[in-house]
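Down below is the structure, laid out as structure tokens.
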Amino acid sequence: MPPPLPLITAKGTPRKCGTTYGSVAASAIAANVANYMTRFAAAGIDAQQVHGYGALFRAASHQHAPRVAEMLDGVAEGARANVDEIYALNGRTELIYSAAGECTAIAVLGERSAGGHTLLAQNWDWHPDQRPYALLLDTTDERGRRVVALTEAGMLAKAGLNDAGLGVCVNMLGSTKDRRDGGVPYHVLLRSALESAHLGEALAAVCSVPRGASINLLMGQAYPAGTPGEAIDVELAPDDVGFLHPVDGVITHANHFETALARHDTLKYIGSSSFFRSSRARRLLGTGPVEEEGIRAVLRDHGGFPQAICRHDEPGGADADRTETLFSLVLDLDERRMSIAHGPACRGVEYHHIRLGESA
């Protein structure tokens, strides 16, 4: 069965991976850049300002995440796109979005999973008009590090995993500390985590750099047979970090802060389904061994419909507030496997499997 969205494969140095990706996906990247330029304009950010912010994001990325920055420069080169617009695209969260009612993520350690594997999963909920710009990016760099990630055309990563058995899921957060003026962009942080060989390196990559937007990373890693896997949730605000650890072998997260950083949470002032989705996911997982199908069942849940774990578009509302589950993912870190399906996840969809042990 073919993947549910385009799969782009690239090999070589970060620059080479970027240029290959950019050239293969040039038309989709151009369309997505044009789409976000329209969204920026609607938010009162004109083209000159977009380029100025993009230049700030590029400078911060080159300073703090140079390999990822080289890849993004390559994307612009390969797609023959304006490099500042590519960086603004990767900083679109900083520029126009605060926390929205989107994305529910799950981690299950081997001690709780029925098969003994470390599992991550999430629904990626986003504006339904963004569905045509989604793709899978499969890269193998000159060190042999292989990364497979769900992303949008012109970006380098959202949820994904690498051949070291490290995986990342992501939730948007909103903080009163968020700002537009620089820092390493949200999507560059995600790619930095996925480029890491182990959890400690991933934590250093995301915690040690300046940030402009809040982001939640649910990360896990499987280890060689006989060594239990690990998972940790990292809430990142521009000037602080909070951590959550597994409870009874499980972590769940939605779009609000659950650590002490909650004092700066913008959702407290507007409300959100996030405040029940994370807790509901924990309850639905139950107390016994968790089958992978049980995780998929949670991702199909309609409690709170339409603003449920399985999110459905609400016609008639403000366009900027529309959100739907675009894709549903399960990452088996021991098998180095991504299973991905079109959303909403309730529609009897089949999951396509990509295994990193197979040839790229």
Task: Cβ-defined net charge surrounding GLU235, 15 Å radius [Lys, Arg +1; Asp, Glu -1] - done: -2
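From the alpha carbon gyration tensor of region 170-318, can you work out the equivalent ellipsoid semi-axes (sqrt of 5 times each eigenvalue) and give them in Å, largest to smallest? Intermediate values should be presented prior to the final figure.
Working: eigenvalues 121, 114, 35 Å².
Rounded to whole Å, the semi-axes are 25, 24, 13.
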Task: Percent breakdown of C-alpha pair distances by 10 Å bin, ordered from the shortest bin, for region 34-112 - done: 17, 40, 26, 12, 5, 0
Task: 222 nm mean residue ellipticity, helices alone, for the chain (DSSP H n ≥ 4; -39,500 (n - 2.57); rounded to 500) - done: -9000 deg cm²/dmol
Task: DSSP beta bridge pairing in the chain, given as percent antiparallel to the nearest 5 - done: 90
Task: Qualifying aspartates and glutamates (Cα of each under 12 Å from Cα of LYS177; at least 8 residues distant if same chain) - done: GLU94, ASP239, ASP240, ASP265
- [ ] With a bin width of 10 angstrom, please list the P(r) values of the chain as percents of all Cα-Cα pairs, from the 0 bin to the one holding the largest distance.
- [x] 6, 27, 38, 24, 5, 0
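Expressed as cubic angstrom per residue, what is the convex hull volume of the alpha carbon set of region 1-80? Show your work: numbers first, answer last.
Working: hull volume 8.9 nm³, N = 80.
Taking the convex hull of the Cα positions in region 1-80, it is 111 Å³ per residue.
Please pull out the direction-averaged projected area of region 152-246, using the convex hull of its alpha-carbon atoms, in nm² to one decimal place. List each step's numbers first, then the result.
Numbers: hull surface 25.2 nm².
Averaged projected area of region 152-246's Cα convex hull equals 6.3 nm².
What ranking do 181-192, 105-116 get when scored by the average of other Cβ atoms within 10 Å per residue, highest first? Write out the running numbers ahead of the final one.
Working: 181-192: 25.3, 105-116: 21.2.
Highest-to-lowest ranking by the protection proxy: 181-192, 105-116.
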Open item on the list: Under 15 Å between alpha carbons, and skipping anything fewer than 8 positions from LYS16 in its own chain: which aspartates and glutamates qualify?
Closed with: GLU70, ASP73, GLU77, ASP138, ASP141, GLU142
- [ ] In whole Hz, with x marking every Gly and Pro, tabulate ³J(HN,Hα) for region 250-263 from phi via Karplus 6.51 cos²θ - 1.76 cosθ + 1.60, θ = phi - 60°.
- [x] 9, 10, 10, 7, 10, 10, 10, 5, 10, 9, 4, 5, 4, 4
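Please sort 167-175, 234-242 by packing, taking for each peptide the average over its residues of neighbouring beta carbons within 10 angstrom, highest first. Write down the numbers at each step before the final one.
Values: 167-175: 27.6, 234-242: 18.9.
Top to bottom by mean Cβ count within 10 Å: 167-175, 234-242.
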TODO: Evaluate the distance, in nm, between pseudo-label points positioned 7 Å from the Cα of ASP248 and of LYS11 along their respective Cα→Cβ axes.
DONE: 4.7
Task: Overall Cα dimensions of region 27-166 - principal axes, largest extent first, Å - done: 53, 38, 27
Task: Anisotropy class of region 215-276 from Cα gyration tensor, a/c 1.5 cut - done: prolate
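Every number here is computed from the coordinates shown, using simple stated rules; none is lab data. Source: prediction; values computed, not measured. For neighbour counting, all protein chains shown are included, and Cβ atoms are generated from backbone atoms with ideal geometry for every residue, glycine included.
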